[in-house]
Every structure is written in C-alpha cells, then in structure tokens.
Amino acid sequence: MRARTKLLSWVTVGAELALIAGGALVAGCQSGGYGDLDVRTFQLEYIEPGAAHQIIVPYVFADRGGMISVDDETRTITVRETPEMLSRIEQVLQQYDQPEPSVQLHFRIVEANGGSRAPDPALEDIEAALPKDVFRFQNYRQVAEAVMVGTEWTQISQRVAGVGGTYIVKGRIGEVRVAEDGGTVQLEVELYGEEFGQAFQTSVNARVGQLLVLGSAQPQADRGALILAVRAELVTP
C-alpha cells in the first residue's frame, strides 16, 4: 500500500521560489554553482514529523543552501533542495510513511523421541532448518500449532490443545523493522505445558518469512524432546 504523502504546490517567481501552503509563502532561493534549489512541503500521514526529519537529514546539504523545516501541528515537513534530491526524499518518505504493520506468528510444536516410526514429510522444512547433528531424531511429529497476531511492543499468548496435552505459547513482540527484503521482528517466547510447566524461554531476532527453530527441551523423562518453530510475517492494513 503506497503512502498518501501529499506534495503541496510551489511556483517560480523570477529567480526566487515561493511555496504556497495554506495561504502562506515560504521563500526559496537559487544556489549559485549547485543549480536551482526547489522548496517542497510533504504532508505526513503516519510517521511523526520528528522521525521523518531524522530519516531525510542525509539527503539535505546545508553547504549548498539545503534546509528542513518541521511543523508538528500540521504534520508537515518542508524541504529546500535540488529537484533530483527532492524526488529522492519523496520516495524515502513514501517508504516510511506507512501504517504500522501487524505481525503474524505461526508456531509449530514438534515432539521428537528417537523412535522407529518414519519421519513426517510435513516436517521436512523443520528438519532442513536444523543442523544435522542437532535434528538427530528418527521419530518426530507435530503435536500442536498456534497462530497469533500482534503489533510492535505487545504481549502474545495462546493456549492450544494438542497431542499429549495442552500447550501454552506466550511472549512479547519487540521492535519491528521493515525493509525491502522483508525486515526483522524481535521476539521473546516461552513454551509451557499444563502438565509439566515451562519447557524453555528464549529471545530471538526473527527474519520475516524465514522458518526459525527456537530450541528444544525434554520436559519429562518419559516424553520426547519438544521443538518449537516459528515463522513471522508482516500484515499491512
């Protein structure tokens, strides 16, 4: 979804530039030796003006007359720079001025105990995600799964009935970073069983779209090891 960053109008008056925004004029100027500088104001929809200022600072050069002006009340940011750099700034703001994405987490709980039964083909992706010397079990099966959706800095928790009892997956979604290759999600995760209590707890930086095996534990002597895998996806409103 493209951001709705709006470009307010500007006009050229002789050798000067003037910005027309809500009836007010903001004067610009030409920069000798660097080419003409234009003045543009961008209306922000989601990102805070102060954050937008920090993002575009590397694209504005004061030594040639470039400048940035922030208006928190109107949620606008005005920039004086070359036309080429203003176009780049517009693209950058469109990338960041987006609604906050939700994080969908798909957890799979797998039990492995070294028996003689053939492996479950549905779990081949989990086997491939682990080093061979770690995933050494011959008998493994998925005993439960849970899908949860949250946003940055929120708690997650779900109780699910599965093979061998009831399991609880809980934790916290930390910082969410959106990037061209998908981004990353910070996670704090705990796995419990109603019969045996906490199996393990861990913190991890998960790459969006990648299957991540968080760990394994043997909660009871008469049970196999439990392996918890998760895949994080971003859901844009």
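Would you point out the residue of the stretch 160-197, among those that are loosely packed, with under 13 Cβ neighbours inside 10 Å and more than 21 Å from the chain's Cα centre (by Cα), that is modelled with the highest pLDDT? Among residues in the stretch 160-197 that are loosely packed, with under 13 Cβ neighbours inside 10 Å and more than 21 Å from the chain's Cα centre (by Cα), the one modelled with the highest pLDDT is ALA161. Residue-level analysis places VAL103 among those that are under 30 Å from GLN155 (Cβ atoms), within 29 Å of the chain's Cα centre (by Cα) and modelled with pLDDT of 95 or more.
Every residue, every condition in (1) in a strand (DSSP E or B); (2) among the aromatic types (Phe, Trp, Tyr); (3) closer than 16 Å to GLU233 by Cβ, yes or no:
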position	(1), (2), (3)
ARG141	yes, no, no
GLU145	yes, no, yes
MET148	yes, no, yes
THR166	yes, no, no
ASP181	no, no, yes
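Of the candidates GLN94, GLN104, the single residue that is at negative phi, in contact (Cβ under 8 Å) with a residue 12 or more places away in the chain and touching a strand residue (DSSP E or B) at 6+ places or on another chain (Cβ under 6 Å) is GLN104.
If you go through the stretch 211-236 and keep only what is among the basic types (Lys, Arg) and part of a strand (DSSP E or B), you end up with just ARG231. Of the residues in the stretch 198-225, how many are surrounded by 15 or more Cβ atoms within 10 Å (Cβ to Cβ), free of Cβ contacts under 8 Å to residues at least 60 places away in the same chain and of a type in the set (Ser, Thr, Tyr)? Count: 0.
The values are calculated or read from the model by the stated rules, or taken from the named source; none is laboratory data. Note that the coordinates shown come from a computational prediction; the quantities given were computed from them, not determined experimentally. Heads up, the Cβs are rebuilt from the backbone with ideal geometry, glycines too, and the neighbour counts pull from every protein chain shown.
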